[in-house]
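The values are calculated or read from the model by the stated rules, or taken from the named source; none is laboratory data. Model, not experiment: these values are computed from the prediction. Positions of Cβ are backbone-derived with ideal geometry, glycine not excepted, and every protein chain shown enters the neighbour counts. Surface accessibility is based on the protein's heavy atoms, side chains included, excluding ligands, DNA and RNA. Shrake-Rupley method; radii C 1.70, N 1.55, O 1.52, S 1.80 Å.
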Amino acid sequence: MQWEIVIGLEIHAQLSTQSKIFSGASTAYGAMPNTQASIVDLAMPGVLPVLNRGAVERAVKFGLAIGATINSPSIFARKNYFYPDLPKGYQISQYELPIVEGGNIRIQTEEAEKTIRLTRAHLEEDAGKSLHEDFHGMSGIDLNRAGTPLLEIVSEPDMRSSAEAVAYAKSLHSLVRWIGICDGNMQEGSFRCDANVSVRPRGSATYGTRCEIKNLNSFRFLEKAIEFEAERQIDILEDGGSVRQETRLYDANKGETRTMRSKEDANDYRYFPDPDLLPVEISPDWVDQLRETLPELPQARRERYVTEFGLSAYDASVLTGSRELSDYFEATIQRLPAQAKLCANWIMGEISARLNKADMDVASCPVAPETLAALLSRIEDGTVSGKAAKTVFDSLWQGEMDRQVDVIIEAKGLKQISDDSAIEQQVDDVLAANAHLVADFRSGKEKAFNALVGQVMKATRGKANPAQVNTILRKKLSGQ
Amino acid sequence: MLNDSLKQLSRRLADKQVSSVELTTEYLERIQRLNPEYNAFITVDADKSLQQAHAADQKIASGDAGPLTGIPVAQKDIFCTRGWLTTCGSRMLSNFVSPYDAGVIERFNAAGAVNIGKTNMDEFAMGSSNENSYYGPVRNPWDIGAVPGGSSGGSACAVAARMAPAATGTDTGGSIRQPAAFCGISGIKPTYGTVSRYGMIAFASSLDQGGPMARSAEDLALMLNVMSGFDARDSTSLQRDAEDYTRDLENPLSGLRIGLPKEYFAEGMHGDVSRAIESAIDEYRRLGAETLEVSLPNSPLSIPVYYVLAPAEASSNLSRFDGVRYGYRAESYQDLADMYRKTRAEGFGAEVKRRILIGTYVLSHGYYDAYYIQAQKVRRLIAQDFEHAFAQCDVIMGPTAPSVAFDIGEKSSDPVQMYLSDIYTSAASLAGLPGMSIPVGFGEKNRPIGLHIIGNYFTESRMLNVAHQYQRATDWHLKMPDL
Amino acid sequence: MTLSIDDVKQVADLAYIKISEDETEAALIQLSDIFKLIETMQAVDTSGVTPMSHAQDVVQRLREDRISDSDQRALYQSIAPQVEEGLYLVPKVIE
């Protein structure tokens, strides 16, 4: 039977606020255990939550960026369950009237472009961490992370392959960083994915039983986990079994998913509106102010790159993969408007390759956009060949000669010889010195011509403009 | 001096007739003498109190004293008090020395008041008799065999027995007003949002409200001046200009329109209570007030509604008590879940557990709409009844409780009977309206009776005026048990 | 509706409260009484009434995004049942 994989993602993006969502404690990563847990985060008796404006603003910005509805009023609710990393015994989250509802995002895989619909995005507080290193048979609880603001972004089950799921996760990842609401640091857990995976016979109208896979803190794990889980479910079904709806944990070392033993009894969360927090009102004026703070969004740029610069949809989506990369491209193209394709190729090629090798991001690229533009303009006006340009780029990367493109070309003598008389001189010398080749050519051996070209290039140490050498050589050979 | 008003005490301090240290010492001695019998205080710390008294005396000497500077005030053990054991009447917090001060405590400290001790209460403020305290029942100063009411029974007892000139309380369904009535003192629960809930250990967040308990309306006004005010740390605290609650005390009552809800005077009220209430209302007529009948058709539902909403919020509010970060932790357990379950089984008393179970049930899947949402809808109907009533009258009056204080043990085995003693007070709590109780006489077994005064939102100063004028004309509030 | 022993057990389990057989029996009786009282509210026609979750009809105030709390771990952990290396210790957490 042909199986279809159905995937929906729940992504937790940590909002880049200074302080926590309901307390004045710092959200900085990596502090000593429990040194950033205030009495509110520790759920001391009598403490109360007060909502952080910065968290609300970031959530609204996200809603605007995906063309969603911003709910006003928006309501906070309590999600009740017991867990040592959840100090209050409930998580303040949203249930009815989440701050963001609907919206969608375009994704681009090698094959195709597709729109993924979002169900909702709601604000909630993060939990603490349980450390399982053995403290004589006990676990240690660090509540520094408790109360960190999260935006839980829930998609519709619109994805049909791990590739689509990864593409969706990546474009969300790029978007939240693009609009500056989340640092996207996956190692530090600032961007976490849970995947709801089910399978069904291709063409079936109803969904299969889904499993939620938690703890996917890299795109690679996301891909691997979905593939493993889909296989697991297909095997069960093909053996005539049935999939049990459950929460599963991805084990990166084993590359497999397994049943999560905890949280099983906590399926009745007893959501109810938090009486300590009042309805959040988000005025149209406030929304407008926030809309004005948004930069040009990746989708808009992608379209502009195709229509304005004639780039392929794929190139456009690569160049808008991150705001930094896209800004780099913009800065380069600004100085070389006619050479979009040349700029794109160099940025996606030479620059990206170098950055990857050096494990650097484009923001810290040693070759500034204007320097790159200067180099590319030298290819455009024929001063250097594409091959020579790569040599120049080396020097620019190394920081030689204050990264002065023309100085480097001069010093390294990479200029092409395009002056006819100079080339004619060389040609005459070569002809004089290689009478036998001339004879061969005359007797119809075409290879001899290439050999002569080679001699000329050799004599000019490759700097002669090959096209010119050809014409001049032919002229002289036929002329006699 | 024991029967002095706060104003008189303040004057004595100002005139150096007595120092705060002397005054504090006198009350500490009285507590030492009476508390073993009445159990009004859970924690007394003479050194800490006298330190504050010393500081107050210096403040007075340097001339920057306020109306409460140097005056001993008893604090309900629900208010987190830095460096003090803060138990909320529970074994769960029997070892909890608070690392911070509640907003209310900060305000009393800033005013230079002296914390004379932390008063006993029903565990987590759940009760109407103070029999639900881990620290044992409080006794009624008017009759050692009677309950003082609850949950602020310790505070009510302390003031009635003059172990403190004034005290703080909290009221979720009647926990200030009912014990005030049972102990023959005055108490006011202001409009929800007037007194900060920050550091006031939560029972039912949308209903809990702190307020003062004292001998007289005038004393309540001075206490409320200190207690009330905006607190940014409490999202439900209302941003309003500070007011002086004494400003209207002396206004005459001519033209005051008193609404008498026919539902309150229907049935259920004991004869001695209704007689006292009637004569109090006659007194108001003599003072120039007019009375009219109003109707609160949904108020009989306030108890059922209250016993859905309050336990629901409580079941969630009390989930933080798990023995992980502070408070009681079970001695022995097999694993994590067992530690939680034993800690909570051993740390909470019977009534608290009962309410957690009720609340968990009404919130659980499948019952939410039928119970919780329905209760919130009826809550609005109850609030709307008051809205209509206050279109016709300035204040609503009735009994604070259907009977005088009952005997210790009388209702402790019958929760429903116990719950019904808040029948007249819970409606105002659900609506978020201010309510107060003042003593208006004695009934069966010479136990005190309280008049319940409900006002419209933010009319505390008018209510205090209404109560004060009555207390100028009568002396019930000056009656004091002979101890 | 009538409560069953299983309801009480299930709710106690959800509430993480260990409850003995006798306690369950007793609780069943008392809770049943209380729910009889509560049911008088369910008859009321509330169609078209909006639930009232707050005593005041006001909206949420927002805090500026500023760090106002500093490290007080030593103070806060001085009242903790069991800590080590700045961590709160609990019986092993199984995931």
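Couple of notes before you dig in:
- Test: residue in the stretch B:337-349 that is at the interface with chain C (Cβ under 8 Å from one of its Cβ atoms), outside any helix (DSSP H, G or I), under 28 Å from A:TYR90 (Cβ atoms) and at pLDDT 95 or above: yes
- Checking each residue in the stretch A:208-226 for being surrounded by fewer than 17 Cβ atoms within 10 Å (Cβ to Cβ) and in a helix (DSSP H, G or I) picks out only A:ARG220.
- Within the stretch B:318-336, the residues that satisfy the criterion of being in a helix (DSSP H, G or I) and either surrounded by fewer than 23 Cβ atoms within 10 Å (Cβ to Cβ) or out of contact with any Phe, Trp or Tyr (no Cβ under 7 Å at 6 or more places or on another chain) (or both) are B:ARG320, B:LEU336.
- The single condition among (1) out of contact with any Leu (no Cβ under 7 Å at 6 or more places or on another chain); (2) more than 23 Å from A:ASP288 (Cβ to Cβ); (3) open to solvent by less than 10 Å² (accessible area, probe 1.4 Å); (4) not small (Gly, Ala, Ser) that A:PHE76 does not meet is (1).
- Picking from residues in the stretch B:293-317 that are open to solvent by 10 Å² or more (accessible area, probe 1.4 Å) and part of a loop (DSSP other than H, G, I, E, B), the one that is farthest from the other protein chains (Cβ to nearest Cβ) is B:SER295.
- Taken over the stretch B:441-483, the criterion of being under 29 Å from B:TYR27 (Cβ atoms), aliphatic (A, V, I, L, M), open to solvent by 10 Å² or more (accessible area, probe 1.4 Å) and part of a helix (DSSP H, G or I) is satisfied by B:LEU478 alone.
- Among the residues of the stretch B:64-117, those identified as polar (S, T, N, Q), within 14 Å of chain A (Cβ to nearest Cβ) and open to solvent by 10 Å² or more (accessible area, probe 1.4 Å) are B:SER94, B:ASN95.
- Looking across the stretch B:392-426, the residues that are modelled with pLDDT of 95 or more and aliphatic (A, V, I, L, M) come down to B:VAL395, B:ILE396, B:MET397, B:ALA401, B:VAL404, B:ALA405, B:ILE408.
So that you can scan it fast, the table gives a plain yes or no per residue for (1) open to solvent by 30 Å² or more (accessible area, probe 1.4 Å); (2) more than 14 Å from chain C (Cβ to nearest Cβ); (3) modelled with pLDDT of 95 or more:
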{"position": "A:GLY8", "(1), (2), (3)": "no, yes, yes"}
{"position": "A:SER16", "(1), (2), (3)": "yes, no, yes"}
{"position": "A:THR35", "(1), (2), (3)": "no, no, yes"}
{"position": "A:GLY63", "(1), (2), (3)": "no, yes, yes"}
{"position": "A:ILE66", "(1), (2), (3)": "no, yes, yes"}
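- Tally, over the stretch B:350-381, of residues that are of a type outside the set (Phe, Trp, Tyr), open to solvent by less than 20 Å² (accessible area, probe 1.4 Å) and more than 7 Å from chain C (Cβ to nearest Cβ): 6
- Every condition in (1) out of contact with any Phe, Trp or Tyr (no Cβ under 9 Å at 6 or more places or on another chain); (2) touching a residue at least 60 places away in the same chain (Cβ under 8 Å) is met by B:PRO179 except one, and the failing one is (2).
- Residue count for the stretch B:140-177, restricted to those that are polar (S, T, N, Q) and in a helix (DSSP H, G or I): 1
- Qualifying positions in the stretch B:386-403 - open to solvent by 10 Å² or more (accessible area, probe 1.4 Å) and either under 25 Å from the mean Cα position of the chain (by Cα) or within 14 Å of chain C (Cβ to nearest Cβ) (or both): B:GLU387, B:PHE390, B:ASP394, B:PRO402, B:SER403
- Qualifying position, being farther than 15 Å from A:ARG160 by Cα, among the aliphatic types (A, V, I, L, M) and surrounded by fewer than 16 Cβ atoms within 10 Å (Cβ to Cβ), among A:ILE236, A:ILE181: A:ILE236
- Considering the conditions (1) more than 22 Å from the chain's Cα centre (by Cα); (2) part of a helix (DSSP H, G or I), A:SER139 is excluded by exactly one of them, (2).
- Conditions (1) at the interface with another protein chain (Cβ under 7 Å from one of its Cβ atoms); (2) modelled with pLDDT of 95 or more; (3) closer than 23 Å to B:SER302 by Cα; number of the one not met by C:LEU37: (2)
- Answer from C:VAL44, C:VAL49, C:VAL8 - the residue that is within 25 Å of the chain's Cα centre (by Cα), over 30 Å from A:ARG248 (Cβ atoms) and facing chain B (nearest Cβ under 9 Å): C:VAL8
- Matching residues in the stretch A:143-154 - criterion: being open to solvent by less than 10 Å² (accessible area, probe 1.4 Å) and either within 23 Å of A:GLN299 (Cβ to Cβ) or outside the structural domain of A:GLY208 (by TED's automatic domain parsing) (or both): A:LEU151, A:ILE153
- Within the stretch C:21-52, the set of residues being open to solvent by 60 Å² or more (accessible area, probe 1.4 Å), aliphatic (A, V, I, L, M) and in a helix (DSSP H, G or I) comprises C:ILE29 only.
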